[in-house]
Structures are given as C-alpha cells and as structure tokens.
1. Does anything in the range 355-382 have its amide N under 15 Å from the 7 Å Cα→Cβ label point of Asn342, and if so which residues?
2. Run the quick spin-label model on Lys398 and Cys416: label points 7 Å from Cα toward the beta carbon, then report their separation in nm to one decimal.
3. Per residue of the range 236-249, what does 6.51 cos²θ - 1.76 cosθ + 1.60 with θ = phi - 60° give for ³J(HN,Hα)? Whole Hz please, x for Gly and Pro, Karplus curve as stated.
4. Kindly flag which residue pairs out of Lys171/Lys201; Lys39/Lys180; Lys201/Lys452; Lys80/Lys151 have an alpha-carbon separation exceeding 30 Å in this structure.
5. Largest first, how would Thr184, Thr233 line up by accessible area (1.4 Å probe)?
6. R0 = 56 Å: FRET efficiency of Thr190 with Glu356, Cβ-based, nearest 0.05?
7. Please give the contour-minus-distance gain from Arg377 to Glu247: 0.36 nm per residue of separation, less the Cα-Cα distance, rounded to one decimal in nm.
8. Enumerate the calculated ³J(HN,Hα) couplings along the range 345-355 in order (Karplus 6.51 cos²θ - 1.76 cosθ + 1.60, θ = phi - 60°), each rounded to whole Hz, writing x wherever the residue is Gly or Pro.
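The values are calculated or read from the model by the stated rules, or taken from the named source; none is laboratory data. These figures come from a predicted structure and were not determined experimentally. Please note: Cβ atoms are built from the backbone with ideal geometry, for glycine as well, and neighbour counts cover all protein chains shown. When the accessible area is computed, the model is the full protein with side chains, heavy atoms only, and any ligands, DNA or RNA have been set aside. Shrake-Rupley method; radii C 1.70, N 1.55, O 1.52, S 1.80 Å.
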Amino acid sequence: TKESSGRLSLLPLLLSQVACAYSKTWCYREDALLAVHNKLLEVTSTAPKDELRNMIRAAVLLVKKALLDKVSYVFHASLKLLCLMLSQVIPGVGLGRAEVTHCLEQTFPNLLTRTGDSPNRLHAAAITLIQEIAVLKDVRALQIIPAELVKPFKSNFPSRLAQSRAELLEKLLVELGIEKSGFTLENVITFCTAALEHSAKGVRELAVRIILSLYEQHRSAVLSYLPPNDATTRKNFLYKTLFDGFEKIEGNIFESQTLKNAFRQPLGQKEKEEINCLQKQLATLKDITERENEGTTSETSNKEQDKVEKSSEGATASVTKGPHNKTTDCIDVHQSIKYLDNMCIFCGKKDESLTEDGLDLHYWKQCLMLRRCDECRQVVEIASLTEHLLRECENRSKFSQCPRCSEAVLTEVLTCHVQGSNCNPLISGKGSVSNHCPLCHNNFPPGEEAWKAHLMGREGCKQNSRRTAVSQRTQPAQGRAAGGTKQLWSVRAGAGTRTGPMGRGSRIPSLTPMARRNAAGKR
C-alpha cells in the first residue's frame, strides 16, 4: 500500500524515530522531527550520495505528513526541518537542484494550504517560511513558488487562503521583481483580475494595490491586460478605483514635472498676457457683482457673491482657449445663475417655493431622483446608491458588489442573492451596458435621461416610494385631467408634512458628498 511504501522509504532513519513520527502522541511526533533535524546537521558531503539522497527523501516524507499536523508544536518542528533541508543540507552536500525540486513538489502544496489557517500564529509562520525559502538561490531558479502563487482562483475560493496568497504575491513581487523570477505582467494581472471578483473585500483591495504598484513601474504595459477605460468598465466600482488610481499616479508625475519646468524656465510673453487677461476679467466680474447686489440684504449678497466666484472660476479656465468678449461672458454667467434659482438640479422641478430651505425639504422628502440611505440616513441619488453603499456609507464594510448585477449586497447574503430572482444580470450591447435600478432590480437603457424616465415616469419604477406617494396624493387630480405625469411637478415643498419654512436647525439629513459632487457637475 501507499502507506507501507512510505514507511519502507524511511529505513535510512532509525526505527525508533520512525515509530515516534507515526505515533498518536503529539510530543513523540515532535521529538522525532527534532531528532531527524539534529541527525541532518551531522551529515557531511563526504558521505555516499545515494545514502544522503535516501536520507533526504525520507525526511521530506516526514515533513510532508507533519505539515498537515493540527498540533502547533509538531507543525513548527516540520517548518524548522524543511528550512534546514532547503537552505543548508541539500546545497551543502551537493545533491543539486533535482533534490530541491523533489522537496518543493512534495511539501509546498501542504505548506501553502496552512497559510489559510485561522490561528494567526500558524498562518504567520507558514507565510514567513515561504518568504524565506522563496529568495534562496536554488529555489528561486526553479520558479516553482511564483508559479503556484499566481494560479487564478474562483470567487468562492476560501477567503483566508485567497488573502494569504495575495499577501505573499505582493511581498514577493517586491523581493523578487518581475524579470527572471517566474512572475510576469500577464500572469500577475490575470491572478489579480480573478481576485477582483472574489467575495472577500480584503482580497479585492489587495488585488487593486498590486495592480497599482505594477502601474507605477510599467505604465502602459499594464493597461494592455485590463479592460478599456470607458463608461461601461467604470460601472464596476473596483475598476473605477483602479483607473482613478492610474490618473492620480499620472497626475502626481505630471505635476512634479511641471513644477520642475516652471522653476527652470522663466515665464514667456504669452503666459504673462494670459495672466493679465485673467486678472482683468476677475476684476470686471467683481465690479458687476457689486453693482447688482446694491440694495439687497447682506445674507443675499453673500450668497450671490459665492455663486459669482464659483462661476468666475469656470470663466477664467476658459480664457486660455482664446479671446472672449468680457461683457458677454459676465451676462451669460448671471443668466445661468438666475436660471438655476428655485430649481432642483436633480429632477428639474422649478418653483418659487424652492428657496434654500425649500430645497432642503424637497431633497429630504419629495425629490423623485433621491432617497434616504437605510444604513446612514443621508440623502443619496438613487442612480448612485450602489456606489454610495460601497464607498461612502458609514456601514460600507458590510457590503460587497454582486459580480452579476453590480448591486451592493450585504456580504453575508451575497451567495443567496446571486441564486435568487432579484439578481438580474446587466445587459451589454453596442458598446454600452444597461442602467440597473437598485430598487426594483430591473435593467433599462443607458443614459441620465433614462434614469429620469424610470424613476419619475408613470410606467417607471414601482419600488420608488416617493413616486408612489406623489401619485397617491395627485390621484384625484389625475381623474379630472389627462397627462397625469405632469402633475407630479405640482407638489409643493412641504405639502402635507410641515407648515412654515424649514430652518437651519432642522433635522433634515444632508446630501452625501457624492450627491453634492453630482449636483455641482449638473450646475
């Protein structure tokens, strides 16, 4: 049998050591491994090669078995013996790389398995030994360890073991590098793209970190192994994080190079003229603002000043593109500001009741494009609800992104979600991916206008609670007039809920940072 043949190969060792190695008492097993360790310390290169080879292979068999031992003392003794053989004995007696290959092929799979152990001491000991033996000259030349580490795994691969492999890969890439180590851009990024689909957040974050570190060294070569940087790919939060990281890396480099060039070269005549033009336009904008604000209250004046300053920043950025009429630019700016007054920039509703306080109430309770997050109670755009739960929410650690439908789902129920009816895979076609509603789980055409039609339309999302509430309040009016959809716009801020304006000290939740950024972009 296999067991008996294994015992016969242990004949070069003392029979008492073999008996102890297979004992049911853990202290005997530990003593056997330590005895073999001490015996190998005594061997010399003058001994017959066949005898040395048989002794090493017998010790390898003992280590292979002991690496799976559940007793920590026995496990640590096996690590000590394995390290001795690879670092001293085999190279010292001149047995060559054939014995190193045999030793690694027999023991490394079991050793890698132990990196997934829950006890931190065993987990850390296994990882530390792999790092130590991976940099040995003979082991590094064989490239066995890198080849094992970069094997892709599935999304349901044990999370502890997956994270250990990603940690080892990250550390060994620093120590061994890419060239002539067994690691290549292709096999590392293939491993990382598989890790990006893993259900454990820690594994996904490690994969992102590894790709970003590779990009710092290899630039465009990394991009050739990734999907294109377009709107479709950026719908995946992790790929969006990756591409944003790439831009940040490029931005830092560009900024440092620009600063160096600025110190080396003096400003030319063209640059000086542009600076003067910008300064004059800023002064003109401020003068016009001061004249228009005469006779208003100080509070209104401050609000208008802030809006003009923000608009002037956009105007100054456009000056460098070519000469403009300053008076025309200023008129356009003020027309835009006036147009946006008393208007919700999310749903497009325009009403005199939508003052600053009225807008707060509208965002809080009525806007059909917004809702309150069930986790943090902040007001969120429904179109960005998934990204909020994965990135901004104070309880974001509880959520993972579904690889099929892209929704943010509680990690503990992700497996059940994928198998359930609510997991509706995204539809791809003609270079774009459909929008996906996190409320009703349905797909609909891409684009921002499609979101408005889905969330505000009469035949749109049935799970939008604000839309349902509005339709119930306007139902009598809809029976008297056609075009019931338009009557959604007649709801006044605070109707049926509060009387009087909402003050600064109200308990209305604020818009999330993401919603504020989107609002600024729409303005």
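1. Answer for the range 355-382: 355-359.
2. Taking the simple label geometry, Lys398 and Cys416 are separated by 1.4 nm.
3. 7, 4, 5, 5, 4, 4, 4, 5, 5, x, 4, 5, 5, 4
4. Lys39/Lys180; Lys201/Lys452
5. The residues order as Thr184, Thr233, largest area first.
6. FRET efficiency, Thr190 to Glu356: 0.60.
7. 43.6 nm
8. Residue by residue, the range 345-355 yields 7, 8, 9, x, 5, 10, 7, 5, 6, 7, 6 Hz.
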